Amino acid sequence: MPFLASLNPTLLLSSRVQNPTPKSKLCTAIFSCCSLHHSSSKAMTSPSVPTSPTSQNAPLTVQNYPTPLSPPLPPISKQIELARAMAASSRSSLFALSRSDILYEDQWLIVVNKPQGVYCEAVLESVPRFLADLSEGTKGSLPELHLANRLDRDTSGVTVITKSHKVASKLVEAFTNHKVKKTYIALCVGSAPKWEKITIKSGHGRSKFGAWRVYAASDVGQTLPGGSIVRDMETSFELLSVNGQGNFKELSEFEKDENIIVVEEKAVKDADGKKDEILVRAFPQSGRTHQIRLHCQYLGISIRGDVKYEGVYEWNEKIYDGHELHAESLSFEHPITGLPVKFCAPPPSWAKE
């Protein structure tokens, strides 16, 4: 578990100041001020001469971007991610859903258990053959299919597809307003946590290199390179097992306790500590890109196979082709009936083991 050091405002301020004014420019500025004072004394007897602004007298500005608190992408991740993307593209072009992948269907929604290593677009394209109202021999136009939620390529689990634009817009609004409750299961590798439950709050945004990073909670609202801003990000975690020892608890409402980390500094990790297999359930309170993966990395328990965020690529003489993160459930009010619905995907093999 990372040690959260106390915040030193002076240190943070000094570490973020970039491009201090060179000595030569400072001298030029002082000289310009003296010249201006001298010329003003002649203004009473000399006619004024209009001047135009130049690069020498333009105001100097310093852009002070927030500093990311999670490390940049490991160099090895670029090559591995490229190979995984190419393999997933090949699989996706031939992908076809099986009947066992369909978790639920009505006239407005179809809920699918997306496999690992397949793009969501491939799942969407393979849905029409399973639509109940388009049985064999029936003629009719296809409904307007939309992905209500998207999962990363290697994340498996609950994916909701709507059958009309109206239903899609209502679900998008529900996701945007945080009215959809989500749970995930992740298998991580790192030092066994000393907590049973924990909540982590931080900032979230893209660094100047385009990668998603963890930022300080106090940086929320600050501007980042490219014009985006740091947004809030909050995830609660529940420890399920360590090295296979523990109980796979049934899904229930997460009750927050006082074990809360508000991120303000880089995490301190035990690089030489014992590496354990850790199964956790995650309850994201916000919906940021790669949120659970980033927070697992910050806690020192990166998801197995997640090479972008320091997860092991090879473990116990086995090479992993993707990260082990599973969208376990989605709960929300049905966009048409208004009734509460909850969709659960069965745990993958790595979670059962």
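With a ≥ b ≥ c the root eigenvalues of the C-alpha gyration tensor of the range 196-303, is it rounded (a/c under 1.5), prolate (a/b larger than b/c) or oblate?
prolate
Can you check what the net charge comes to around residue 325, using other residues whose Cβ is under 13 Å from the Cβ of residue 325 (Lys, Arg +1; Asp, Glu -1)?
That works out to +2.
How much net charge surrounds residue 286 when only other residues with a Cβ under 9 Å from its Cβ are counted (Lys, Arg +1; Asp, Glu -1)?
That works out to 0.
Work out, step by step, the length gained on full extension between residue 341 and residue 209: first 0.36 nm times the residue separation, then minus their alpha carbon distance; give nm to one decimal.
Value of the extension gain: 43.5 nm.
Taking Cα atoms of the range 128-248, Rg/Rh with Kirkwood Rh, to two decimals?
The Rg/Rh ratio comes out at 1.08.
Go through 114/182; 194/308; 194/275 and tell me which ones have a Cα-Cα distance over 18 Å in this structure.
194/308
Pull up the cross-link candidates among the aspartates and glutamates for residue 197, meaning alpha carbon to alpha carbon under 13 Å and not fewer than 8 places away within one chain.
Partners found: 238, 253, 255, 257, 258.
Figure the gain on full extension for residue 107 and residue 331 (residue separation times 0.36 nm, minus the Cα-Cα span) and round it to one decimal in nm.
Extra length available between residue 107 and residue 331 comes to 78.8 nm.
Expected output is a single nm value to one decimal: the length gained when fully extending between residue 232 and residue 268, i.e. 0.36 nm times separation in residues minus the C-alpha distance. What is it?
Roughly 10.8 nm would be gained on extension.
Give me the net charge for the shell around residue 157: Cβ to Cβ below 15 angstrom, other residues only, Lys and Arg +1, Asp and Glu -1.
+4
P(r) for the range 183-252: what percent of alpha-carbon pairs falls in each 5 Å bin, starting at zero?
Bin by bin from 0 Å, the calculated values are 3, 14, 20, 16, 13, 13, 12, 6, 3, 0.
Let's test the formula: R0 of 22 Å, r as the Cβ-Cβ distance of residue 313 and residue 96. What FRET efficiency results, to the nearest 0.05?
About 0.15, to the nearest 0.05.
Roll a 1.4 angstrom probe over the protein heavy atoms and tell me the percent of accessible area of the range 61-135 that is carbon or sulfur.
58 percent
Quick one: if you stick a label point 7 Å off each Cα along the C-beta vector at residue 275 and residue 352, how many nm between them?
Output for this residue pair reads 2.6 nm.
List, in order, the whole-Hz ³J(HN,Hα) value for each residue of the range 167-178 obtained from phi through the Karplus relation with A = 6.51, B = -1.76, C = 1.60 and θ = phi - 60°; use x for Gly and Pro.
5, 4, 5, 5, 6, 4, 4, 5, 5, 4, 8, 6
Take 201, 208, 181, 275 and sort them by solvent-accessible surface of the protein heavy atoms, 1.4 Å probe, largest at the top.
Listed by decreasing accessible area, they come as 208, 181, 275, 201.
The values are calculated or read from the model by the stated rules, or taken from the named source; none is laboratory data. Nothing here was measured: the structure is a model prediction, and the numbers come from that model. Don't worry about glycine lacking a Cβ; one is built from the backbone with ideal geometry, like all the others, and counts go over all protein chains shown. The accessibility values were calculated without ligands, DNA or RNA, using every heavy atom of the protein model including side chains. Shrake-Rupley method; radii C 1.70, N 1.55, O 1.52, S 1.80 Å.
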